[in-house]
1. Which of the following residues is crowded, with 17+ Cβ neighbours inside 10 Å and closer than 22 Å to B:L40 by Cβ: B:L193, B:L152?
2. Going through the range A:106-149 one residue at a time, which ones are part of a loop (DSSP other than H, G, I, E, B) and open to solvent by less than 30 Å² (accessible area, probe 1.4 Å)?
3. So which residues in the range B:155-190 are within 12 Å of chain A (Cβ to nearest Cβ), open to solvent by 10 Å² or more (accessible area, probe 1.4 Å) and not polar (S, T, N, Q)?
4. Among the residues that make up the range B:56-74, is at least one of them away from chain A (no Cβ under 12 Å), within 14 Å of ligand 2 (Cβ to nearest atom) and more than 24 Å from B:E199 (Cα to Cα)?
5. Filter the range B:33-52 down to the residues that are among the charged types (D, E, K, R) and within 9 Å of ligand 2 (Cβ to nearest atom) and list them by number.
6. Among (1) open to solvent by 50 Å² or more (accessible area, probe 1.4 Å); (2) more than 13 Å from every other protein chain (Cβ to nearest Cβ); (3) more than 16 Å from ligand 2 (Cβ to nearest atom); (4) not basic (K, R), there is one condition B:S83 misses while meeting the rest; what is its number?
7. So which residues in the range B:42-68 are open to solvent by 10 Å² or more (accessible area, probe 1.4 Å), within 21 Å of B:G250 (Cα to Cα) and not in a loop (DSSP other than H, G, I, E, B), if there are any at all?
8. So in the range B:202-215, with the set limited to residues that are more than 13 Å from the chain's Cα centre (by Cα) and in a loop (DSSP other than H, G, I, E, B), which one is nearest to ligand 1 (Cβ to nearest atom)?
Amino acid sequence: MSNQSPILAPLQTLRESNRTKLVLFTLDNLIWPILLVAFVFFSALLPEIFTQYRNIRFLLYTSAGLGAITLAESICLISGNFDLSVGSVAGFSAMAGALFLTEWAPGAPGVSGILVVLCVGGAIGLLNGVLIAKMGVNPFLQTLSTLIIFEGGILVLSSQSVYGLPESYLWPGEAVISIPVINPIPVAIFIMCGLFVGLWFVLSRTRFGRAVYAVGGNEASAAEAGIATDRVIITVYVISGVLAATGGLLLTGFNGGATPTTGTSQLFPAFTAAVIGGISLFGGRGNVVNTLGGVLLLGTISAGLVMLNIDPTVIQTVNGIVLLAAILLYTVVHQYRERLLSDL
Amino acid sequence: MTVTETNPRIEVAGVQKRFGTVEALSDVSLTLNEGEVLGLVGDNGAGKSTLIKTLVGIHQPDAGEIRFDGEPVTIDGPKHARSMGVGTVYQDLALVDALSVAENLFLGRKPVRKLGGVVPVIDEETMTERAERILRDRLDIKLDPDTPVEYLSGGERQAIAIGRALVTDPDIVLLDEPTSALSKAAVERVEQLVEQLKESGHSVIIIDHNLEEVRSMTDRITVLFQGRTVDTLETEAVSRDDIVSMMVSGKPLADPATAGTGQSSTAQHSPSD
Ligand SMILES: Nc1ncnc2c1ncn2[C@@H]1O[C@H](COP(=O)(O)OP(=O)(O)OP(=O)(O)O)[C@@H](O)[C@H]1O
Ligand SMILES: [Mg+2]
């Protein structure tokens, strides 16, 4: 490089580094082209039906609850931690809110039930966070315990589904509003999009958000640089708990009532969506907006399979295969990335 | 001949630190005077890095005292140390690979602005601008502030770590092996930097295994051996062999004529607790 013309050399480097940057950008956002391919694939097999506005709207609507729970998982993964309890937190807090409104404080306004849901989620998150950050409990074991405790806790609260909930409690997950041009559309879709944009904003634009990436990238370095890593981790778990609870609330509205199985089944899909959305299991990398792509990919595949009249029991197997494919893909991409970087 | 009046900025007196059964520091005492460059040498595992980490509050001493400007202090952590005017380059550099050069330079202290007058968001523009200035003026290297540090060479990474230590305009600078990954030319730049820092009144502690570098940069040298201070001597008064012999034997030099020149070195040895 030293014997190139002094004027051309920087230009040359600039052009090359721009191309490299473009390739890296594509690799970092790979989920969207994959989603597009999946969508086109099912549209070809199900002409007319799959591309209908109604279908797309339904696809987004069914993704709302999972979307919130995926965000709950993603923020923990980005901080270099782990949360196995997101599903049971969603189910437990939604059930607690439902019982609060029907049994513990019947007649209380639905909004207070929503508050209960979010507080229960936040409290469980706080418990996870404090024990992990302050006591040094391994995140995997800690959240495995909370997974088991609160999955059981749901049944302790109620082994039956709770219906007859106030409209205002169900509103976030159930209501449909009329908007010109795209009307009518479920509010849950807006809530989900709001959560994705909101968390993306917090993680990419605020000091706290960048500290989450720093702690996830290298906790010791973050601490040496003066970041209060304990506080960051505790806050991450509280946010995760609140997001999981929001997911539980959305699912309750979607189902028209709180069921004991709401939420608990969402752990693996949430995890899968986060990973295929490019969130690194090692922490410090990934963009939460891409996990929306992961959520939508899972939604697209299961909607497609259902509409093709394929046995619904196959869906989990297919999701597993999708996860495996994603892991393989990201492993290859990672190696390619390393090579690309070492050429710089 | 240079030291006429000494004004201690940091005093470490009888500091101990153990990790489980490992006694990393058993009895460390030293003084960093205003405007001086103090070298800290010792074999691998002598406790040099542990001492630096204790000075910035990553570790709390089990016994002994740390004084800043004569006042005994408890340092909560790196942020506290920074607020007291201490900048640190850690041996492990403390960089986050996945983050950009600019983000690493401002790790833990990003400039913010108020979005719409209320929401505090990171002021990317100011951050990039200041990062560019540090890279150009302080470190003299050509790097895009947006490059993730994982793309950088070992020397560039070390430069970023040095840059970060200087971002806050500290008046005390702690350098834990800042030159270990550097080429000869880059080492010279660090030597110049240390010189500049000294000239502008900074106090510097530098750890370095290259004794020639230590001898060319420092005013005094403190030797550590298995977690305790062996002696502190005027750089001009000791030979390379003297330092090596103290590092290896853990004993002060026998010759009193040489050993005596270390100014307050003997005074530091008297246990103050
Ligand atoms: N966090 C820790 N936990 C347990 N032991 C530690 C810890 N930090 C340091 N030690 C031990 O303390 C001793 C001193 O280590 P330290 O890193 O201070 O040495 P050093 O003088 O910086 O060595 P080097 O020249 O190799 O960098 C070593 O025996 C090390 O294993
Ligand atoms: Mg060391």
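The values are calculated or read from the model by the stated rules, or taken from the named source; none is laboratory data. Just so it is clear, the model here is predicted, and its values are computed rather than measured. Ideal geometry is used to build each Cβ from the backbone, glycine not excepted, and the neighbour counts take in all protein chains shown. The accessibility values were calculated without ligands, DNA or RNA, using every heavy atom of the protein model including side chains. Shrake-Rupley method; radii C 1.70, N 1.55, O 1.52, S 1.80 Å.
1. Criteria check complete, one pass: B:L193.
2. Hit for the range A:106-149 is A:A108, nothing else.
3. Matches in the range B:155-190: B:E156, B:R157, B:R164, B:V167.
4. No, because not a single residue in the range B:56-74 is away from chain A (no Cβ under 12 Å), within 14 Å of ligand 2 (Cβ to nearest atom) and more than 24 Å from B:E199 (Cα to Cα).
5. B:K48
6. Here B:S83 meets the rest and fails (2).
7. Those that are open to solvent by 10 Å² or more (accessible area, probe 1.4 Å), within 21 Å of B:G250 (Cα to Cα) and not in a loop (DSSP other than H, G, I, E, B): B:K48, B:S49, B:T50, B:G64.
8. Filtering the range B:202-215 for residues that are more than 13 Å from the chain's Cα centre (by Cα) and in a loop (DSSP other than H, G, I, E, B), the one nearest to ligand 1 (Cβ to nearest atom) comes out as B:H209.
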